Every structure is written in structure tokens, then in C-alpha cells.
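The values are calculated or read from the model by the stated rules, or taken from the named source; none is laboratory data. Keep in mind the model is a prediction, meaning the values are calculated, not measured. Positions of Cβ are backbone-derived with ideal geometry, glycine not excepted, and every protein chain shown enters the neighbour counts. SASA here: full protein model, heavy atoms, side chains in, ligands and nucleic acids out. Shrake-Rupley method; radii C 1.70, N 1.55, O 1.52, S 1.80 Å.
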Amino acid sequence: MSEWKAKRFWKEATFEPVEGGWQVLLDGRPVRTPAKAALVLPSERLAQAIAAEWQAQGEKIDPRAMPATRTANSAIDKVAVQHEEVAAMLAAYGGSDMLCYRADGPAELVARQSADWDPLLDWAEARFGARLAVTAGVMPVAQDAAALERLAAPLREMDPFALAAFHDLVALSGSLVLAHAVTEARLDATEAWRLSRLDEEWQIEQWGEDEEAEALAQVKRTAFHDAARFWSLLG
């Protein structure tokens, strides 16, 4: 059976200022979230991008082609109502940050991890005063509580839209430090994603590419770039 999709019911998607921000309209009617809340956006650039997603839809609506709309909906319907819990969940990634867990061999992989990841940990210390400990293998390494708090503090200050984008950057990369590096403009999304895939790319070099795994990686890569773009549209 073919997947059911809702049909396009509007001719023109536009955007305009509204009290508290910006809104997107379909033939003059404001778009609402799946929970029926007003879709009030924090910036003109984000409203323009979301209006463009709606305008680009064909005869049948494809939500997969509307990443900014999905993240905005999530920010309003989900993140805003549990902001503290989402911030705490993401902060917990600092205790098991992917950049801190290194291979114990072979030497070339160990050297590559050190060369590519150590500068990011150095940057986190310089930027946030947060020095994270590094270990070889998968056994947990205890992190300094004060360092974790310094990495966590900015999350609590983010508005729901910023936190929704930050959520995807952390969850997809497995690294709180990498997410901070993207949002602080220390790295662009392409380089951050490459660093998050260092181990996987090493395995591909040694054993070849698995088509199914690569297809999943491409989906995640696109989502990571979408999250970075959403963040960039907030300012």
C-alpha cells in the first residue's frame, strides 16, 4: 500500500510580523502547530524559511521536506513545556561525551582521534572553563562536576527554539562539546559532522562501506545540517 499523505490546500505561503514575533500564513490564514498552538517564530529569517518550505510543497505534503517547520513545532509543542527537563537531558551528554572516549588501538586511529578531537576539548576549556577527562576504551570516566555545570549552564538560558535545534545537534553527534562548537561558530556543520564520524569512517577505510549503514548515516547527516541551519536562522 502507498503511504497516505495530506493534499496541499493552499495557493500561497507568506509571512508577516505579529505580536511576539513572526507568523506564517497559508492564503492569509496563520499556520498552527500540531497541538493547535500559534506558530509564532522568533525571527523574520526563520519565518521566511518556513514559508518557503510550505510554498515548495507539491500536490501532496511531504513533512520530510519541511525540517524547519518540524523543529519549530517541536520547540513550541514539546520543548517549551518541558524546557528544564530537555536542558538537563542534553547536559547529561557531557558526562559521556563522545570526544572523551578513545580507541586503545590501532596506533593510527588513536593518533587521528587525538589530532582531531583534542583541539575541541582544549577549546571547551578555553571557552567555558570546562576541562573534560579522556579515557581509552568504553569504561566510564568520571568528569569534574564543575566542568559539567559550565557546559550545562548555557542550555538553561536558551529559548525553546534554540534548545530544540541544540537537541538535534547533541543527539545526532553524541557530543555536547561538538554541539557547542557549532552554535559558537567554532566549527561549521560539515566539519562537526566529520569529527563525530571519525570512528565510523575509520572502519569504512578498513573494511569497506555498508550500504544500509551509509544510507542511515546520510539521513542523520542531513538532519544535523538542518539543525545547524535552524540555529543560524534564529538570529
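Please go through region 121-147 and give me each residue that is among the polar types (S, T, N, Q) and either assigned to a strand (DSSP E or B) or at pLDDT below 95 (or both), ordered by number.
THR135
For ASP77, are the conditions met, namely being surrounded by 15 or more Cβ atoms within 10 Å (Cβ to Cβ) and among the acidic types (Asp, Glu)?
Yes, satisfied.
Which residues, taken from region 148-184, are surrounded by fewer than 19 Cβ atoms within 10 Å (Cβ to Cβ) and either of a type outside the set (D, E, K, R) or at positive phi (or both)?
Applying the first criterion (surrounded by fewer than 19 Cβ atoms within 10 Å (Cβ to Cβ)) to region 148-184 yields 149-150, 153-154, 156-157, 159, 171, 174, 184.
Hits for region 148-184 are ALA153, PRO154, ALA171, GLY174.
List every residue pair whose Cβ atoms sit under 9 Å apart, with the two residues 6 or more apart in sequence or on different chains, where the first one lies in region 144-172 and is free of Cβ contacts under 8 Å to residues at least 24 places away in the same chain and under 19 Å from ALA133 (Cα atoms) and the second, anywhere, is open to solvent by less than 10 Å² (accessible area, probe 1.4 Å) and not in a helix (DSSP H, G or I).
ASP144/ALA130; ASP144/LEU132; ALA146/ALA130; GLU149/ALA130; ARG150/ALA130
Determine if region 165-186 includes at least one residue that is modelled with pLDDT of 95 or more, acidic (Asp, Glu) and assigned to a loop (DSSP other than H, G, I, E, B). Write out each step before concluding.
First pass over region 165-186, keeping only residues modelled with pLDDT of 95 or more: 165-186.
Filter once more, so that each one left must be acidic (Asp, Glu): 168, 184.
Applying the additional criterion that residues be assigned to a loop (DSSP other than H, G, I, E, B) yields 184.
Scanning region 165-186 turns up at least one residue that is modelled with pLDDT of 95 or more, acidic (Asp, Glu) and assigned to a loop (DSSP other than H, G, I, E, B).
For the list (1) more than 18 Å from ALA164 (Cβ to Cβ); (2) outside any helix (DSSP H, G or I), I need the number of the one condition that ALA52 fails.
Single failed check for ALA52: (2).
Any idea how many residues of region 3-32 are in contact with an Asp or Glu (Cβ under 8 Å, 6 or more places away or on another chain), open to solvent by less than 50 Å² (accessible area, probe 1.4 Å) and assigned to a loop (DSSP other than H, G, I, E, B)?
Summing the residues that are in contact with an Asp or Glu (Cβ under 8 Å, 6 or more places away or on another chain), open to solvent by less than 50 Å² (accessible area, probe 1.4 Å) and assigned to a loop (DSSP other than H, G, I, E, B) in region 3-32 gives 1.
Applying the selection to region 80-110, what residues are farther than 22 Å from PHE161 by Cβ, assigned to a helix (DSSP H, G or I) and over 16 Å from the mean Cα position of the chain (by Cα)?
GLY95, SER96, LEU99, CYS100, ALA107, GLU108, LEU109, VAL110, listed by residue number.
Scan region 204-221 for residues that are in a helix (DSSP H, G or I) and surrounded by fewer than 14 Cβ atoms within 10 Å (Cβ to Cβ) and jot them down.
Once the filter is applied, which keeps residues that are in a helix (DSSP H, G or I) and surrounded by fewer than 14 Cβ atoms within 10 Å (Cβ to Cβ), region 204-221 yields GLU205, GLN206, TRP207, GLU211, GLU212, ALA213, GLU214, ALA215, LEU216, GLN218, VAL219.
Could you check region 33-60 and list, in sequence order, the residues that are in contact (Cβ under 8 Å) with a residue 40 or more places away in the chain and either over 19 Å from ILE76 (Cβ atoms) or open to solvent by 80 Å² or more (accessible area, probe 1.4 Å) (or both)?
PRO34, ARG45, GLN55, GLN57, GLY58, GLU59, LYS60
Residues in region 66-121 that are of a type in the set (Asp, Glu) and farther than 26 Å from THR222 by Cβ: how many? Explain how you work it out, then say what you get.
Just the residues of region 66-121 that are of a type in the set (Asp, Glu), to begin with: 77, 84-85, 97, 104, 108, 116, 118.
Cutting the leftovers down to farther than 26 Å from THR222 by Cβ gives us 84-85, 104, 108, 118.
Total meeting the criteria: 5.
Tally the residues that are open to solvent by 60 Å² or more (accessible area, probe 1.4 Å) and in contact with an Asp or Glu (Cβ under 9 Å, 6 or more places away or on another chain), restricting the search to region 185-202.
So the answer is 1.
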